[in-house]
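Worksheet: one structure, shown below.
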Amino acid sequence: MSALEIRNIQKRYGDVETLKGIDIALESGEFLVLLGSSGCGKSTLLNIIAGLAEPSGGDILIGERSIVGAHPKDRDIAMVFQSYALYPNMSVARNIGFGLEMRKVPPAEREKAVRETARLLQIENLLDRRPSQLSGGQRQRVAIGRALVRNPRVFLFDEPLSNLDAKLRMEMRTELKRLHQMLKTTVVYVTHDQIEAMTLATRIAVMRDGRIEQLGTPAEIYDRPATLYVAGFVGSPPMNILDAEIGGDQLRIAGSDELLPLPQDFKRTAVPGGRVKIGIRPEALRLANAGASGVRLIADVEVMELTGPELVTTAKVGEQRVTACLPPRTPLIAGSTQVFSFEEAALHLFDPESGRSLRAP
Amino acid sequence: MPANWISTRAWLLMLPLLVVMVSVIGWPLVDTVRLSFTDAKLVGTEGSFVGIANYEKMLTGSNFQRALVTTTWFAVVSVAAEMVLGVLAALLLNQQFRGRAALRALMILPWALPTVVNATLWRLIYNPEYGALNAALTQLGLIDSYRSWLGEPGSALTALIVADCWKNFPLVALIALAALQAVPRDITAAALVDGAGPFNRFRFVVMPYLAGPLLVALVLRTIEAFKVFDIIWVMTRGGPANSTRTLSILVYQEAFSFQRAGSGASLALIVTLLVTILAAAYAALLRRAAGAS
């Protein structure tokens with residue numbers, strides 16, 4: 001039985017189609033991240049699950065029961081908002097317990113639940129304070145507590161970490177992961193941050209223009225991107241995408257004499273004119289030393305940027321640019337010609353028209 | 001440039017304004033205080049010093065006491081009704097519906113009308129012979145015969161309060177609407193998910209955002225209602241049988257109708273003091289509210 005099933009959900013605002021048929025089935029305990037840039041429809045989908053917006057078509061089931069049209073309070077969900085959305089005039093304890101209060105849970109039981117939740121989130125000492133007296137991280141904990149205390153079937157998170165500074169965001173990310181591992185709750189989490197998506201999710205749905213571009217585990221999304229969009233969206237720096245042509249069993253990078261072998265699982269069907277786009281992750285590239293295995297690629301080094309843990313190097317292959325993440329102490333000189341190498345398995349091929357991966361499934 | 005020159009120049013630049021203010025506000029105020037201790041008439045006698053006799057006479061007189069009750073009643077009822085109507089109108093205009101923008105603009109109209117125009121308009125509505133109110137109530141079968149709403153001591157004050165409410169609730173509605181629009185959408189959504197119904201959402205989520213701005217509206221409207229003059233002067237002139245004679249009307253009558261400048265001045269100062277106390281009390285209230293949030 002799925003904990004949450006989204007069936008062909010559509011949403012139109014006048015002539016604008018925000019969601020064009022979304023299908024996802026979620027097992028109990030899964031952590032699904034809806035990942036996409038702004039305007040892709042991810043927040044709309046979350047609001048539809050929460051009941052804050054109605055779909056134009058399709059159905060949503062929580063534990064076999066259709067919830068479309070049901071009041072948000074009757075859906076057995078809880079939601080954490082980007083702005084925390086704490087009630088400014090209530091104490092932390094009342095904020096956390098408000099949902100229970102509205103559901104007429106007896107005060108003694110309510111207080112016990114609030115205390116337990118506060119202990120779990122290490123905010124017991126803040127229970128008497130007002131939201132205005134809390135830091136951003138503390139407010140976020142209270143917002144999470146407000147969701148946790150009700151013990152709903154599905155938790156919804158709407159970009160919960162994007163108002164926090166970088167350091168706190170990392171801490172809270174770990175905290176969320178810890179909570180999820182401990183409580184085994186079912187979560188739908190919206191973000192545009194691919195690191196959050198990769199680290200938190202059991203599955204990621206990469207969304208674009210109201211559709212799911214790819215649905216898979218973080219490893220699948222990273223290792224086998226289904227489209228050029230996913231390849232470019234997940235990963236930092238993004239995957240190198242180069243124009244290339246197929247000639248026999250080899251690939252020639254457009255505008256250069258560089259030849260690469262065709263990957264073995266490459267689908268040979270339907271590539272008009274033999275033109276393809278190839279993708280190589282910057283972190284798959286390294287400097288080739290004598291006797292190194294893998295595919296070789298000769299490029300002219302343009303710029304090196306030391307970020308600390310790595311040396312982000314931009315080089316030119318013909319007229320196209322590639323980025324490589326090299327070890328920080330790599331001795332390089334701008335303007336020099338270098339031989340890079342990578343494993344054949346790290347080479348991705350995409351149809352330049354549809355953007356779809358040309359890898360055999 | 002030295003700092004004292006900047007400050008001197010600032011004073012110089014403000015000087016024309018200060019001269020105007022002293023001559024049109026400062027001097028009359030001082031003169032009113034002086035007058036209030038004399039038995040001066042509006043024309044003729046200069047008046048001689050009588051000590052606090054004017055104050056004694058006014059404060060103990062039945063006219064003053066009755067006018068104080070009338071004024072308080074007028075202020076409390078009309079401001080309370082304006083608050084309720086204003087908030088309800090704001091809640092309505094905060095909903096999504098077709099023609100909302102037009103309705104929001106229309107709502108300002110009564111408040112934008114000059115008070116004298118509004119008062120004349122309501123006099124027509126209340127007219128005992130051809131007024132719309134009489135016609136409407138008769139046709140609905142609620143009254144048997146036409147009544148003189150402004151001519152009967154029992155109904156005149158209520159009729160005035162209705163007219164005043166109609167004019168002033170839009171201000172409260174406008175302030176409340178602005179406050180409603182400041183309620184974060186996420187918080188309303190959170191309350192929905194938390195299971196709060198319409199009443200609880202208003203009480204726990206919306207009210208905290210409304211309270212501050214409404215308090216400001218309450219301060220402004222109470223002070224204004226306490227000083228009310230023009231609408232009453234145009235509609236009833238304090239009658240019938242002095243049933244709508246508020247403090248400001250009494251001051252006017254004392255000083256100008258009865259031409260008793262001395263006692264009129266003392267009465268005016270008493271009213272000023274009462275309004276100042278009100279204003280100070282509210283200011284304290286506002287400060288406390290600001291400190292709490």
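The values are calculated or read from the model by the stated rules, or taken from the named source; none is laboratory data. In this text, all values refer to a predicted model and were calculated from it rather than measured experimentally. Cβ placement follows ideal geometry from the backbone for every residue including glycine, while neighbour counts extend to all protein chains displayed.
Going by the conditions given, is residue A:225 of a type outside the set (D, E, K, R) and assigned by TED's automatic domain parsing to the domain that holds residue A:35? Criteria met by residue A:225. If you go through the stretch B:166-200 and pick out every residue that is within 14 Å of chain A (Cβ to nearest Cβ) and either under 27 Å from residue B:105 (Cβ atoms) or under 17 Å from the mean Cα position of the chain (by Cα) (or both), you end up with 7. Residue A:162 falls short on exactly one of the conditions (1) away from every other protein chain (no Cβ under 14 Å); (2) surrounded by fewer than 23 Cβ atoms within 10 Å (Cβ to Cβ); (3) touching a strand residue (DSSP E or B) at 6+ places or on another chain (Cβ under 9 Å), and that condition is (1). Looking across the stretch A:60-96, the residues that are within 14 Å of chain B (Cβ to nearest Cβ), farther than 19 Å from residue A:189 by Cβ and either part of a loop (DSSP other than H, G, I, E, B) or of a type in the set (S, T, N, Q) (or both) come down to A:70, A:71, A:86, A:87, A:88, A:89, A:90, A:91, A:95. Report yes if residue B:24 is assigned to a helix (DSSP H, G or I) and surrounded by 13 or more Cβ atoms within 10 Å (Cβ to Cβ), otherwise no. No. Only a single criterion out of (1) out of contact with any helix residue (DSSP H, G or I) (no Cβ under 7 Å at 6 or more places or on another chain); (2) touching a residue at least 60 places away in the same chain (Cβ under 8 Å); (3) within 26 Å of residue A:71 (Cβ to Cβ) is not satisfied by residue A:103, namely (2). Go through the stretch A:49-59 and give me each residue that's touching a Ser or Thr at 6+ places or on another chain (Cβ under 7 Å) and away from chain B (no Cβ under 13 Å). The one that is touching a Ser or Thr at 6+ places or on another chain (Cβ under 7 Å) and away from chain B (no Cβ under 13 Å): A:59. Please verify whether residue A:34 is part of a loop (DSSP other than H, G, I, E, B) and under 25 Å from residue A:8 (Cα atoms), treating the condition exactly as stated. No, not satisfied.
Considered as a group, the residues in the stretch B:89-111 that are in contact with a helix residue (DSSP H, G or I) (Cβ under 8 Å, 6 or more places away or on another chain) and free of Cβ contacts under 8 Å to residues at least 60 places away in the same chain include one that is nearest to residue B:164 (Cα to Cα), and that residue is B:103.
Selection of the stretch A:129-143 for residues being in a helix (DSSP H, G or I) and more than 23 Å from residue A:180 (Cβ to Cβ) yields A:131, A:132, A:133. In this entry, residue B:64 is excluded by the filter for residues that are more than 27 Å from the chain's Cα centre (by Cα), surrounded by 15 or more Cβ atoms within 10 Å (Cβ to Cβ) and over 30 Å from residue B:178 (Cβ atoms).
Would a scan of the stretch B:234-253 turn up a residue that is closer than 24 Å to residue B:84 by Cα, of a type in the set (Lys, Arg) and more than 14 Å from chain A (Cβ to nearest Cβ)? No; the residues of the stretch B:234-253 include none that is closer than 24 Å to residue B:84 by Cα, of a type in the set (Lys, Arg) and more than 14 Å from chain A (Cβ to nearest Cβ).
Within the stretch B:211-246, the set of residues being in a loop (DSSP other than H, G, I, E, B), in contact with a helix residue (DSSP H, G or I) (Cβ under 6 Å, 6 or more places away or on another chain) and of a type in the set (S, T, N, Q) comprises B:236, B:243, B:244, B:246. Applying the set (1) without any contact (Cβ under 8 Å) to a residue 24 or more places away in the chain; (2) in contact with a Ser or Thr (Cβ under 6 Å, 6 or more places away or on another chain); (3) part of a loop (DSSP other than H, G, I, E, B) to residue B:146 leaves exactly one unmet item: (2). Can you find a residue in the stretch B:210-222 that is free of Cβ contacts under 8 Å to residues at least 24 places away in the same chain, out of contact with any Gly (no Cβ under 8 Å at 6 or more places or on another chain) and not aliphatic (A, V, I, L, M)? Checked against the condition, which is being free of Cβ contacts under 8 Å to residues at least 24 places away in the same chain, out of contact with any Gly (no Cβ under 8 Å at 6 or more places or on another chain) and not aliphatic (A, V, I, L, M), the stretch B:210-222 yields no hits at all. Got at least one residue in the stretch B:68-91 being exposed (fewer than 15 other Cβ atoms within 10 Å of the Cβ) and modelled with pLDDT under 90? No, the stretch B:68-91 has no match at all. For the stretch A:271-290, does any single residue satisfy the condition of being touching a Lys or Arg at 6+ places or on another chain (Cβ under 9 Å) and either part of a loop (DSSP other than H, G, I, E, B) or basic (Lys, Arg) (or both)? The answer is yes, given that some residue of the stretch A:271-290 is touching a Lys or Arg at 6+ places or on another chain (Cβ under 9 Å) and either part of a loop (DSSP other than H, G, I, E, B) or basic (Lys, Arg) (or both).
Whether a residue is in the same structural domain as residue A:185 (by TED's automatic domain parsing), of a type in the set (Gly, Ala, Ser), in contact with an Asp or Glu (Cβ under 6 Å, 6 or more places away or on another chain) and within 29 Å of residue A:232 (Cβ to Cβ) was assessed, and residue A:85 does not pass this test. Considering the stretch A:159-263, the qualifying strands (runs of 3 or more DSSP E), each wholly inside and each with 1 or more residues that are polar (S, T, N, Q) and more than 13 Å from the chain's Cα centre (by Cα), run over A:186-191, A:240-247, A:250-253. Of all the residues in the stretch B:201-210, those that are among the aliphatic types (A, V, I, L, M) and more than 10 Å from chain A (Cβ to nearest Cβ) number 2.
Residues in the stretch A:243-269 that are surrounded by 12 or more Cβ atoms within 10 Å (Cβ to Cβ) and within 25 Å of residue A:218 (Cβ to Cβ): A:263, A:266, A:267.
Just one residue in the set B:118, B:134, B:168 is surrounded by 17 or more Cβ atoms within 10 Å (Cβ to Cβ) and more than 23 Å from residue B:219 (Cβ to Cβ); that residue is B:134. Of the residues making up the stretch A:333-361, those that are within 19 Å of residue A:282 (Cβ to Cβ), touching a residue at least 40 places away in the same chain (Cβ under 8 Å) and of a type in the set (A, V, I, L, M) are A:339, A:345, A:346, A:347, A:349.
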